[in-house]
Structure formats: structure tokens, C-alpha cells
Amino acid sequence: MKFNLSKDLVFLDVETTGLHVLRDRILQIALMKFSPEKDEPTELMFLINPGIPISEDSIKIHGFTLEDLAHQPPFSEVASEIFEFIGDADLAGYNSNRFDIPILMEEFARCGLEFEIDHRSLVDVQRIFYKMEPRTLRAAYQFYCGKELEQAHDAMADVKATVGVLQGQLQKYSEIDFEDENGNIVKKPVQNDVQLLHEFTNDHKMLDTTQRLKFNDRGEVVFNFGKHIGQPAAKILYEDRNYYHWILEKEFSVQVKSMVRKLLDEYTENLKKKT
């Protein structure tokens, strides 16, 4: 099945030193770009020297050790090529909204590259799978493609499997409605349309990929963590500058820090207009 695209769509998968989006590093990245004007996708893959220890749990999953990667380039040497390969494409992956995209944004930020996602559609294939058939990528591949996943946790093998899973989902669910836990019906949400898939797989109340900021029922931006959870973020940031600076100095994503700065600037500007 050919994807119905109006712009480029890049599938991505990363293998990392661990599971902490801010502290850990990418050691393998694979990308596959589908373009409206091309019949075949373009692939890009790098092994990367992460420059920090790899957790034992991660080694058990992907099999890479620091010795294996000692002669590979650091992320800084391949960052520009990855950044240009993605361009302004929409993004897709398996659990990509919660992990692959945020950790990639942090890696780009360390290299001085600002990777924006505000104007991209994000298709998390895992979210379709978990909503429609809750299981793992290996099981998803078997379920939708009728094949065993070979070389699991090799980034390129995983990204190719993810492509196959989405294609299988589009075929299986094209005529099926979705009912959420509250009994709300979404008519045929799994369609060959990146924007519709984006809307179905994302929680639009959340503002950032690490889910630190969100909209409340009144459309206000509120904190989703800590002592100010549920309180209007802009007002708190203006009144409690220590908390504002604490967020900027601590281990929060570059996306959260950028949003926090913008919220404070807009709130301050609005107060000036009222005086």
C-alpha cells in the first residue's frame, strides 16, 4: 500500500544507552523517508559513539557495547545530515512521541540545532496498536503482517517492521470505528491520511512530548507535574521567578524550557498592555 501523502513522511527508530530522554544518548538511528513524488522510500542509518556508558539493561536489548561503537562518529558529526534528511517532514514511529522524537530533539539541541515539531504531524504507530490491539512490536508485526520479526531491536529492522505494521493497520481498520473508555465513538479514525492519524494517536491536551505542560478544560496551559500541578503555568511563572529559573536550570526538555520562556514573555506582555 502506498501512503497518501501531501508532504514527506519520515519513519524513525533509535537505539540508546538507556531510557532517560534527557540523560541518555542515541547509539543507532535509522530513518526511512516516504515522499509524495517518489515510488520508493529513501533510507538513512548511522551507528553512533554515544560518549557515555551504556546500561546493562540496554545492552541486553540491542546488543551494542561501547567497544562496538568506539570507532563510530559522535552524534555531533552526523547531526546536520540527519537534520537535513528529515527537513520539514512529518514523523512516524513506534512509541516515537514519548521516546524517539524527544531524545532526538535533545541530541539536536546539544549540537545547536533547533528541531521544531509544532508544525509537523506525528504518527505514533504504537498508539494505534495499543488502542486497537494492545501488544508489542513483535506481536504487532506478526498480527498485521503475518511474519516473524527477525533482528528485533536493530534500528533498521524495527523501522521497516513499523512501516509494515502501519500499512497493515490501514488495511485492517479502514472501515472500523473506535470507541474510547467513555463510550465516545470516533468514526473510522485509521485512514491513509497523516493528519487524521496524527489526531488519532496524539493527546491534544498535552503541549510537549514529555507531558509536563497541558491544557485544562478551560483551554489554559497548566503544569502537569510538581507542587503546582493543575495550576495556570504563565501566572505561576510570573509570580514565582525562582520556580521559573528552577525549570530552566534542571533536567527538563528543551521543548519545555522554550515553552516556559514563551509563556512568561506572553503573560508579561499582556500585563503591560492592560496598564
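The values are calculated or read from the model by the stated rules, or taken from the named source; none is laboratory data. Predicted model only: the values in this text are computed from it and were never measured. Glycine also receives a Cβ, built like all others from the backbone with ideal geometry; neighbour counts cover every protein chain displayed.
Applying the selection to region 241-261, what residues are surrounded by 14 or more Cβ atoms within 10 Å (Cβ to Cβ) and part of a loop (DSSP other than H, G, I, E, B)?
Matches in region 241-261: Phe252, Ser253.
Residues are listed down the side, and each one gets a yes or a no for (1) touching a residue at least 60 places away in the same chain (Cβ under 8 Å); (2) surrounded by fewer than 19 Cβ atoms within 10 Å (Cβ to Cβ):
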{"site": "Ser35", "(1), (2)": "no, yes"}
{"site": "Ile61", "(1), (2)": "yes, yes"}
{"site": "Gln72", "(1), (2)": "no, yes"}
{"site": "Ile128", "(1), (2)": "yes, no"}
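For the structure I just gave you, tell me whether Phe223 is farther than 25 Å from Arg110 by Cα and either under 23 Å from the mean Cα position of the chain (by Cα) or assigned by TED's automatic domain parsing to the domain that holds Val21 (or both).
The answer is yes for Phe223.
Since Ala79 meets every condition but one in (1) closer than 22 Å to Leu137 by Cα; (2) buried (at least 17 other Cβ atoms within 10 Å of the Cβ), which condition does it not meet?
Condition (1) is where Ala79 drops out.
Report yes if some residue within region 197-204 is buried (at least 17 other Cβ atoms within 10 Å of the Cβ), in contact with a Phe, Trp or Tyr (Cβ under 9 Å, 6 or more places away or on another chain) and within 18 Å of Tyr130 (Cβ to Cβ); otherwise report no.
yes
Filter region 48-76 down to residues that are touching a Phe, Trp or Tyr at 6+ places or on another chain (Cβ under 9 Å) and not β-branched (Val, Ile, Thr) and give me whichever is nearest to Glu15 (Cα to Cα).
Ser58
Going residue by residue through region 219-241, is there one that turns out to be in contact with a strand residue (DSSP E or B) (Cβ under 9 Å, 6 or more places away or on another chain) and either acidic (Asp, Glu) or under 25 Å from Leu9 (Cα atoms) (or both)?
yes
Output the number of the condition that Gly168 fails; it satisfies all remaining conditions of (1) in a helix (DSSP H, G or I); (2) in contact with a Pro (Cβ under 9 Å, 6 or more places away or on another chain); (3) in contact (Cβ under 8 Å) with a residue 24 or more places away in the chain; (4) within 30 Å of Gly146 (Cβ to Cβ).
(2)
Look through region 184-196, keep the residues that are touching a Ser or Thr at 6+ places or on another chain (Cβ under 8 Å) and closer than 13 Å to Tyr173 by Cα, and return whichever of them is surrounded by the most Cβ atoms within 10 Å (Cβ to Cβ).
Across region 184-196, the extreme among qualifying residues is Val190.
Restricting region 98-122 to residues that are without any contact (Cβ under 8 Å) to a residue 12 or more places away in the chain and farther than 25 Å from Gly51 by Cβ, which is surrounded by the fewest Cβ atoms within 10 Å (Cβ to Cβ)?
Asp118
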